[in-house]
1. Across segment 232-243, in residue order, what do the Karplus-derived ³J(HN,Hα) couplings come to in whole Hz, using 6.51 cos²θ - 1.76 cosθ + 1.60 with θ = phi - 60° and x for Gly and Pro?
2. Tabulate in residue order the Karplus-calculated ³J(HN,Hα) for segment 211-221, using 6.51 cos²θ - 1.76 cosθ + 1.60 with θ = phi - 60°, rounded to whole Hz; enter x for Gly and Pro.
3. Considering the values (i) 215; (ii) 194; (iii) 228, which represents volume of the Cα convex hull per residue in Å³ as calculated for the structure under consideration?
4. Compute, for segment 323-474, the length of the dipole vector about the Cα centre, with Cβ point charges of +1 (Lys, Arg) and -1 (Asp, Glu) only. Units Debye, rounded to 20.
5. Take the alpha-carbon positions of segment 330-469, form their convex hull, and give its projected area averaged over all directions (one quarter of the hull surface) in nm².
6. Counting each DSSP H run of 4 or more residues in the chain as -39500 (n - 2.57), what helix-only mean residue ellipticity at 222 nm follows after dividing by all residues, to the nearest 500 deg cm²/dmol?
7. With a 10 Å radius around each residue's Cβ, average the other Cβ atoms per peptide and rank 26-36, 116-126, 216-226, highest first.
8. Using every pair of alpha-carbon atoms in segment 247-318, split the distances into 10 Å bins beginning at 0 and state the percent of pairs per bin, rounded to integers.
Amino acid sequence: MTLLHLLVFALALVLVSLVRRPALRKALLLSASVLAVYWLQPLLPIRHLDFWLATAALTLAVVVWAAARPADTSLRPDLPAAALVAALVLGVALTRYLGPVCCLTPSRPPEIGQVLLALAAAAGLVFVARRRLGQPFFVGAAGFLLIALLVVLKTPSLALAAATALRALSGQSTATAAALDLRWLGFSYLAFRLLHILRDHAAGRLPAVPLQDFMIYAFFFPAYTAGPIDRLPRFVGDLNRDFTLNQSSLLSGGSRLALGLFKKFVLADSLALIALSAANAGQIDRPLWGWVLLYAFSWRIYFDFSGYTDLAIGLGLLAGIRLPENFDRPYLKPNLTAFWNSWHITLAQWFRAYYFNPLTRALRSRPRPISADLILFFVQVTTMLLIGLWHGVTWNFAIWGAWHGLGLFVHNRWINWMRPRSAGLASRPRLKQALEWGSVLLTFQFVSLGWVWFALPDPALALRTFAALFGWIR
């Protein structure tokens with residue numbers, strides 16, 4: 001989000017919050033969220049793709065909502081919300097005919113006839129979802145589709161192949177196709193929200209939610225591009241609670257926005273000038289300069305990401321919606337487990353709920369017993385590997401995930417070994433405090449070294465950087 005986006009979003013939320021009628025307030029929030037999906041999409045070189053990706057995101061969300069609705073509920077009460085979404089899509093498409101004031105999307109939308117056909121196809125998918133996707137097989141198929149799209153978007157070779165095919169389909173040259181042609185903004189977070197819906201529906205834990213509330217949850221624009229990953233029941237509870245914008249809520253939202261602006265646009269953007277990157281890593285010839293670059297990256301990525309979270313939470317507060325916290329002073333934690341309980345909290349909780357815990361239970365319940373240590377090792381390493389691959393299906397992100405998975409397992413073994421030996425520290429408070437601060441520094445150092453894999457796309461360059469950091473390059 002740019003400063004212009006933030007200013008418009010803040011003003012829109014303040015105006016919406018002044019509306020006293022709940023039904024009108026929700027309709028305005030839905031309209032703003034749908035329009036923001038189109039406005040936030042970046043300009044793409046493939047013809048009309050920014051429009052089609054936003055439309056596809058809306059279609060996926062409506063299909064998942066229809067699939068997760070109880071079979072005995074009528075869709076009639078949700079027709080006004082569906083009509084509003086369709087009208088907004090048509091309205092965005094019609095801006096292509098406005099001449100100089102076109103368009104909300106970064107590029108000119110497609111012909112209106114194509115959009116009408118797409119809306120008809122979307123309606124057909126919703127009909128199929130109501131008739132069949134409620135069955136376990138089709139719920140699994142929908143989840144597989146979301147994961148497959150994530151894999152394509154996150155894997156450079158697959159993204160390049162898809163971009164080449166789309167260029168050919170649109171009659172454009174395929175010679176200049178690139179993986180970055182498929183920048184589907186916000187899809188990673190949308191996919192995880194929709195997977196949460198499908199999984200909880202299959203487990204019978206999902207309450208029936210009107211389409212209007214569901215779409216606001218899925219596309220709530222403060223959190224659409226960078227999280228946090230909220231849960232539907234919690235979000236809808238805030239959405240349906242009586243809210244009046246007053247001095248207190250304006251102050252709390254405004255102060256959180258100010259903190260986010262300072263973190264992102266002052267601290268993070270300043271540190272980005274010297275932070276470790278593929279452009280400067282090869283120029284490191286002294287360890288001291290290498291550590292400066294690495295620590296600058298450590299703090300830059302924290303201020304950047306936590307700053308966006310502060311902005312999302314601050315905007316949400318202006319609408320009476322308290323989005324979950326995503327960071328809790330992670331660099332002050334004394335061990336790696338505590339770090340991952342306070343860094344990108346909602347992502348870690350998502351993987352814990354939908355991968356770590358179910359897999360652990362499944363392995364422990366096998367007829368042939370498996371060693372508890374082996375189960376822990378496998379589940380921790382694969383969980384962190386998946387978190388790494390969520391950022392991109394590349395070797396550097398895979399190694400970064402494995403780095404943290406192995407670190408978490410080693411920490412768990414260390415804790416078990418130290419537990420009977422730590423009783424004597426209670427009578428030596430100074431030594432205990434020194435060890436705690438030493439643990440904080442050691443954890444920060446481990447996490448910072450791990451950022452080398454995250455920041456540099458080439459593992460060979462990362463290994464060279466490690467060598468430079470420790471003075472092994474002359």
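1. 4, x, 5, 4, 5, x, 5, 4, 8, 7, 4, 9
2. 3J(HN,Hα) across segment 211-221, in whole Hz: 4, 4, 5, 4, 5, 5, 4, 5, 10, 4, 5.
3. Derived directly from the coordinates: (ii).
4. Values: 15 positive and 5 negative charges, 121 e Å.
Value, rounded to 20: 580 debye.
5. The directionally averaged projection comes out at 10.3 nm².
6. Details: 20 runs with 306 residues, N = 474.
Mean residue ellipticity, 222 nm, calculated: -21000 deg cm²/dmol.
7. On the way: 26-36: 21.1, 116-126: 14.8, 216-226: 24.5.
Answer by packing, highest mean first, reads 216-226, 26-36, 116-126.
8. Pair shares across the bins are 23, 37, 22, 13, 5, 0.
Values in this text are rule-based calculations from the coordinates and carry no lab data. Values in this document were obtained by computation on a predicted structure and should not be read as measured data. Reconstructed Cβ throughout: ideal geometry from the backbone, glycine too, with neighbour counts over all protein chains shown.
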